[in-house]
Amino acid sequence: MAPRRATKVAIIGGGCAAITTAFELTRPEMAGRYDVTVYQMGWRLGGKGASGRGASGRIEEHGLHIWLGCYDNAFRLMRECYAELATDPAAREAFDWPTAFTGENAMGVSAPSGADGWHNWSATFPPRPGLPGDPLAPGELLSLPRYIGRAIDLLRTLILSVDSRQRGGGETRPGPSPFSAATARGDPQRMAAAIADLVGGAFAASGAVIAEALALLQAGLETLPSPLSNPLTDLAVWIAHQLRRWLETGVIATPHVQHVWEMMDIVVASLVGILRFDLLTDPRGFDAIDDYDWREWLIASGASERAARSAFVRGIYDLLFGYEDGDPTRPRLAAGVGLRGTLRMFFGYRGALYWRMRAGMGDVVFAPYYEVLRRRGVKFAFFHRLTNVRLAEEADLRPGERPYVSALEFDIQATVKDGADYAPLVEVRGRPCWPAAPDFRQLEDGEEMAREGRDFESHWDNRRAATRTLQVAKDFDFVVLGVGLGAVPHVCREIIARNPRWNRMVREVKTNAIQAFQVWLDHDLQDLGWTGEHLIGSGFRMGFEGWADMAHTIPEEGWTQSPKTVLYFCGPLPDPLPPVDDEDADYPRRRNDEVFQNAVMRLRETARHLWPKAMDARGDFRWDMLRDPADPEDTPSTKTGEARFSSQYWRANVNPTDRYVLSTPGSTKYRVSPLDMTYDNLTIAGDWTETGLNVGCVESAVMSGLLAAHALSGAPLLEDIVGYDHP
Amino acid sequence: MSLAETLATATAGPTSSGLVGEVLEEYGQAARATVERYFDADNRSPYLHDLVVDYPRRGGKMMRSSLCIAQARAYGASLEKAVLTAAAIEMLHNGLLIHDDIQDASQERRGRPTLHAMHGVPLALNAGDMLMLLALRPLMDNVDEVGGWLAIEVLRETEIMARESAEGQALELGWRDLNDTTVTEADYLRMVLKKTAWFSTIYPARVGALIGSRGRVDPGVFMHFGFFLGAAFQIQDDLLNLVGDESYGKERNGDLYEGKRTLMLIHARGACSAADRAIFDALLAAPRERRTAEDVAWLRAAIERHGSIDYARKVAEALVGAAEFEYARLYADLPESRDKRFIAALIPWVLERS
Amino acid sequence: MARDDERLHRPPPQRPGPRRAVIPEAEGVNGRAVDSGGQGSAGDDVASRAVNAAYRVVEDNIQEGRRAAERLRGAGPAPAEASPGARAIAGRLMHLTRDLGGTWVDLILAVLKEPEVRAVIDRLTLHDRGPVASMSSAVALAPSPAMSVTQRVSSRKPVEVTLSPLPALARSVAPAVAGLHALSPASPPIDQVALTRRPDGGLELAITIADDQPADTYWGALVDVDSRQPIGTLTVRILE
């Protein structure tokens, strides 16, 4: 039999999912079986994770990206990528793994307190052995007893860390403490008084009685098993009830301990809910409760109202932008996703709870992948924007033949001079990075395009240099559609018209636009009066719920004289009514302006609650702290007041493909899996597909990329996708 | 993997009986060593200790204990978790053998005189009791090894098995001693289920699966598989008694001397003419001491005349087939392992052994 | 348009989706005998009759066993009657409820038992008994005599003593406390602390505080000497 030619795979998109598929299909073990070309719109890979370098080499991101310590697949692949690069002496220095990601253990939430106040609560999670991406022992990930065991460890650590900071003799002044309840008034004396108000003797006695009752229960449970409707089970429920009451009346008056018990309440409710809803025996696993909203389900499982409304639960919704239409008054998150996500996030992490990247995500993640893939022979076609996925005519299909993609239509946004390959990376501080704008010098008519202000990433900028149509069997055998969900209705019109499942998917699986901004400051957070332990937090209902201190990235930027810190903010951006027109070329600019206004307001109105010294005598934000990259280092700034903000970075992520995917209740079942066999030569990849995790995040996208690779090649085995077979 | 493939793999390496022999040797050794630990060498009770340790030290196939261990390991447990139960099985087995030998008035066991032949019935009976009660110790020690709840479950299983075995033994003895002539093939199967299969194959499979799966597997699913395997085993045993060579444990034709209702006997009786049947019944009605060599020869001839040996062999093969069918359904989703292959190889082995 | 044989086709995946079930099914079989076709060999008749008979026998035995179990248990019919599948699931649920219930209780108990945690909770509640300036005072901390603890504190300075016992203290035969320590290295430990059993079963706590003992908060764990389990904490605050 003659040797087959390599199978040509066209991967459309350059985000986490698409890149993962490319990485898998071109592994050395595949021995060149797949000839992969990545078709990417614009000048840079990364999709929603793309980042660029602007003035002074500053990092400009789409938003805030963190990698959780439970991202086992994403980290494993990332480490393999770096290891592969390490074998190349030329690349080794630029890409060294150990410092690319740093582990962090504290996360915080700001919650309203009192009439006008906010209080900031942070939680420090204990570091755990190993690193994310380490191989897992069989059974290590998924057993319920293991989750419960970790819950105990976690709780013990959290409680003890309360005390560890409050030593110091008779004083009860909270220092920089994980549980410091610095209210808007910031009054430690008041805190001490509140504690002293607790009922002493009754408190201790109830605790002792309940502990004794629990000991009896435990002794009872250890005897021979009995039928399901056991009075012991009733006793357990009664004790849970009493325990909650005791905690609420006795302990919870203290805000910092309150949060710990709220978390515990959620953990307990989750376990009760798992039993009550038969999730361990349901073949759908946690998907079975995806029609509920997570908060609603927790309450149905016995969580107290207080815990369900807690800052902790709120923080999870913030993390996942779980607000319908970007409206902060409408939190919506599918309960199965919430349950699975919190279990994995808090009890499945290795090393640290979460990890931050040392530079932009494009630099730390996509540049190494690009280098590895290029060395492996993957071809990259930049400036290729997919316009249509053409299906074979139904009339032409023979009986029993599955529908298939017959052609792919692209706009070529720009061509590279002399037919060369586009060289996408620039160097900042000795590292290869993606620039914030394309290198027009490499492009035909580049100067003119630059003058015109061509935005190759904008959905509303349709200008093109040429078109191109790829034909099945000639130019490609298989297609991996790795674009964002928002783009699917635009580029898969035929599929959506003919395929009811896809039709429902694009209608039922929702997305949010995201707004984000970054400010570089000449003072660090400590100077600004920050007393918390955490560097990432969420809260406040003024948009940009999530914020992070990213000072550690400053050394990677190209400042001659570095600012002290950079703060990132991001949050959902509501869509306008009526919906935007595709021809409305001015739309992106208007929304960017809106984000500018939102950002200024955010800093002006809410920065004080976190960083009291960031405000001046008149109560306005100290705009003079902002570092303008255009300012010569040693002369004072020319702009004043909030106009200085225009030197900072902000963006409205309104491009359809940049929209963040939500997991609203009832939507999970409409996701289509990369393993779906409807189309003979097409698979899909992205965090919007049925990935197993079914939530918008890096890990979910990577899992979908692995599934897409499996769909085309049979590898990796599904059992090797960590967490795929998980309730 | 289909059963055929499993067996093919099993035979690809060491031969199927090679694999079985290997595993029986290994697990048998482990069980034997554990049993020894429970024999208190420092307290050698007079007239008891030496009797108790006798049968266990005479060796044996160790099929029951090996099946228990292999089952537990196939379901994911380690050897240590299962070996205590396996030891208990061996102790129970040997205790039952002591009693069996008394009930059957046998003279020889594994090439040496039976215990009661050496020490008299009363002392042998007592030693048998001791050995069976001694089995409680490893079953209690299970608490440390597999946890309290599982240990209790194993004890429950043991109680059920003990009851079934006693009922089965009662049937067999009753038929023999009270000369029941109405025993049919179905009755025989029922008796074998209770007396042999429950202890030899069903119980080890059940407790092994319980231990291996930490209580998640329903032990009831092994009834069919265990029964077919155990019944084929018993029928083969009975066949060997008639046609096996001298290295086999009991005396040739011993069952006929005993008047044991085997499948062959039942079949032969059923196939006889009315006249012959009368002789049959008369011969069986006589007490064992008065059964002569000629009587036994006549019974033997009747059996051969009516092809009862072939018949029983066919039934045993059919049961092996049924066991293979049940095996395939039970074990399909278990990950491949040497233990899983061993269990598969046991099925034909019960007929191959001589 | 490409012809079918010119085009490459995707291989089918291992399976269409994730395996979510927590409890892998060791497939229980209803095990109904296959009719004659199953054993297909010469002597089919013999074989199939024997196998059918065998199936009937074992099914009967299973039913017998169930009825016996019901009778012996004295309870009503077993949870899920006929199908072994449902029964298996009921059994597993029961085990899991037990496991989870027990483990959750462990969670609460483990946390409540940690001496440091108890100390935190008690510190938050700040038992305030006022300074004890002179020799002795009898303080009953709980109704039962076995739990009552008499304090005899010998000190010239105002002192605040908090004893937070766990229920285990009442049962402990040999409680002991190994000295009281402060965090600051400048404050030496208080060694003269003793806990003894009164004749009526209660406890007596005797503490002697030196005149020059620095003002600080001193902590010590109460331990049962036999089991080596913590049974409470003792906190002494010297106020000036």
Query raised in the report: Taking the condition buried (at least 22 other Cβ atoms within 10 Å of the Cβ), of a type outside the set (Val, Ile, Thr) and closer than 19 Å to A:Thr553 by Cβ, does A:Gly46 pass?
Result: yes
Report task. With respect to A:Val702, determine if the residue is assigned to a helix (DSSP H, G or I), β-branched (Val, Ile, Thr) and in contact with a Phe, Trp or Tyr (Cβ under 9 Å, 6 or more places away or on another chain). Result -> yes
Query raised in the report: In segment B:201-221, is there at least one residue being in a loop (DSSP other than H, G, I, E, B) and at positive phi?
Result: yes
Query raised in the report: If you take the residues in segment A:693-710 that are within 11 Å of chain C (Cβ to nearest Cβ) and farther than 27 Å from C:Leu8 by Cβ, which one is surrounded by the most Cβ atoms within 10 Å (Cβ to Cβ)?
Result: A:Asn694
Query - Which listed residue, of A:Arg358, A:Arg402, A:Arg332, is closer than 30 Å to A:Lys474 by Cα and either hydroxyl-bearing (Ser, Thr, Tyr) or surrounded by fewer than 23 Cβ atoms within 10 Å (Cβ to Cβ) (or both) - result: A:Arg402
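Kindly indicate whether any position in segment A:60-79 is of a type in the set (Gly, Ala, Ser), modelled with pLDDT of 95 or more and under 17 Å from the mean Cα position of the chain (by Cα). Write out each step before concluding.
Of segment A:60-79, the ones of a type in the set (Gly, Ala, Ser) are A:63, A:69, A:74.
Those still in the list that are modelled with pLDDT of 95 or more too: A:74.
Subsequent filtering for residues that are under 17 Å from the mean Cα position of the chain (by Cα) retains A:74.
Scanning segment A:60-79, I find at least one residue that is of a type in the set (Gly, Ala, Ser), modelled with pLDDT of 95 or more and under 17 Å from the mean Cα position of the chain (by Cα), so the answer is yes.
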Report summary line: Of B:Asp104, B:Asp40, B:Asp100, the only residue that is among the acidic types (Asp, Glu), more than 30 Å from B:Arg288 (Cα to Cα) and in contact with a helix residue (DSSP H, G or I) (Cβ under 9 Å, 6 or more places away or on another chain) is B:Asp40
Query raised in the report: Got a sec? Which helices (runs of 4 or more DSSP H) wholly within segment A:310-375 have at least 3 residues that are over 17 Å from the mean Cα position of the chain (by Cα)?
Result: A:335-347, A:367-375
Query - Test: residue in segment A:455-478 that is out of contact with any strand residue (DSSP E or B) (no Cβ under 9 Å at 6 or more places or on another chain) and at pLDDT below 90 - result: no
Report summary line: Picking from A:Thr689, A:Thr678, the residue that is buried (at least 22 other Cβ atoms within 10 Å of the Cβ) and out of contact with any Cys (no Cβ under 6 Å at 6 or more places or on another chain) would be A:Thr689
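Quick check on this structure: which one of B:Ile279, B:Ile211, B:Ile266, B:Ile235 is within 25 Å of B:Thr181 (Cα to Cα) and touching an Asp or Glu at 6+ places or on another chain (Cβ under 9 Å)? Give the derivation first.
Numbers: B:Ile279 fails: touching an Asp or Glu at 6+ places or on another chain (Cβ under 9 Å); B:Ile211 fails: within 25 Å of B:Thr181 (Cα to Cα); B:Ile235 fails: touching an Asp or Glu at 6+ places or on another chain (Cβ under 9 Å).
After ruling out the rest, the residue left standing is B:Ile266.
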**Report entry** Qualifying positions in segment B:317-348 - hydrophobic (A, V, I, L, M, F, W, C), under 21 Å from C:Ala50 (Cα atoms) and either facing chain C (nearest Cβ under 9 Å) or buried (at least 23 other Cβ atoms within 10 Å of the Cβ) (or both)
**Finding:** B:Ala318, B:Leu319, B:Val320, B:Ala322, B:Ala323, B:Phe325, B:Leu346, B:Ile347
Query raised in the report: Restricting attention to segment B:49-61, does a residue exist that is out of contact with any Gly (no Cβ under 9 Å at 6 or more places or on another chain), closer than 24 Å to B:Lys195 by Cβ and either acidic (Asp, Glu) or free of Cβ contacts under 8 Å to residues at least 24 places away in the same chain (or both)?
Result: yes
Query raised in the report: Of the numbered conditions (1) under 30 Å from A:Thr415 (Cα atoms); (2) modelled with pLDDT of 90 or more; (3) more than 26 Å from the chain's Cα centre (by Cα), A:Pro28 satisfies every one except a single condition; which is it?
Result: (1)
Query raised in the report: Inside segment A:286-304, can you point out the residues that are buried (at least 24 other Cβ atoms within 10 Å of the Cβ) and modelled with pLDDT under 85?
Result: A:Ala303
Query raised in the report: outside any loop (DSSP other than H, G, I, E, B), polar (S, T, N, Q) and away from chain C (no Cβ under 11 Å) - does that describe any residue in segment A:659-680?
Result: yes
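Based on this model, can you work out whether A:Glu409 counts as of a type outside the set (Val, Ile, Thr), in contact (Cβ under 8 Å) with a residue 60 or more places away in the chain and within 14 Å of another protein chain (Cβ to nearest Cβ)? Step through it out loud before you land on a result.
Details: of a type outside the set (Val, Ile, Thr): yes; in contact (Cβ under 8 Å) with a residue 60 or more places away in the chain: yes; within 14 Å of another protein chain (Cβ to nearest Cβ): no.
In short, no.
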Query raised in the report: Can you name the helices (runs of 4 or more DSSP H) wholly within segment B:1-92 that have at least 1 residues being modelled with pLDDT under 95, in contact with a Lys or Arg (Cβ under 6 Å, 6 or more places away or on another chain) and farther than 30 Å from B:Glu159 by Cβ?
Result: B:3-12
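Checking the conditions here, which among A:Ile721, A:Ile684 is within 14 Å of chain C (Cβ to nearest Cβ), in contact with a strand residue (DSSP E or B) (Cβ under 6 Å, 6 or more places away or on another chain) and more than 20 Å from A:Gln515 (Cα to Cα)?
Testing whether each residue is within 14 Å of chain C (Cβ to nearest Cβ), in contact with a strand residue (DSSP E or B) (Cβ under 6 Å, 6 or more places away or on another chain) and more than 20 Å from A:Gln515 (Cα to Cα) leaves just A:Ile684.
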**Report entry** Some residue of segment A:379-386 being over 17 Å from A:Ile11 (Cβ atoms) and not in a loop (DSSP other than H, G, I, E, B)
**Finding:** no
Query raised in the report: Would you call A:Asp527 touching a residue at least 12 places away in the same chain (Cβ under 8 Å), touching a Ser or Thr at 6+ places or on another chain (Cβ under 7 Å) and either charged (D, E, K, R) or part of a helix (DSSP H, G or I) (or both)?
Result: no
Report summary line: Scanning segment B:152-169 for residues that are surrounded by fewer than 20 Cβ atoms within 10 Å (Cβ to Cβ) and within 11 Å of chain A (Cβ to nearest Cβ), the one farthest from B:Ala77 (Cα to Cα) turns out to be B:Arg156
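This table checks each residue for (1) in contact with a strand residue (DSSP E or B) (Cβ under 9 Å, 6 or more places away or on another chain); (2) hydroxyl-bearing (Ser, Thr, Tyr).
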residue: B:Leu97; (1), (2): yes, no
residue: B:Ser106; (1), (2): no, yes
residue: B:Gly120; (1), (2): no, no
residue: B:Gly128; (1), (2): no, no
Requested in this report: Check whether at least one residue in segment A:476-499 is within 14 Å of chain C (Cβ to nearest Cβ) and in contact with a Lys or Arg (Cβ under 6 Å, 6 or more places away or on another chain), and report yes or no.
Outcome: yes
Query raised in the report: If you check A:Ser667, A:Ser713, which single one turns out to be within 24 Å of A:Asp318 (Cβ to Cβ), of a type in the set (Gly, Ala, Ser) and crowded, with 20+ Cβ neighbours inside 10 Å?
Result: A:Ser667
Report summary line: Within segment C:196-232, residues farther than 24 Å from C:Ser184 by Cα, part of a loop (DSSP other than H, G, I, E, B) and among the acidic types (Asp, Glu) come out as C:Asp200, C:Asp226
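The values are calculated or read from the model by the stated rules, or taken from the named source; none is laboratory data. Fair warning: this is a prediction, and the values are worked out from it, not measured in the lab. Every residue, glycine among them, receives a Cβ derived from its backbone with ideal geometry; neighbour counts consider all protein chains shown.
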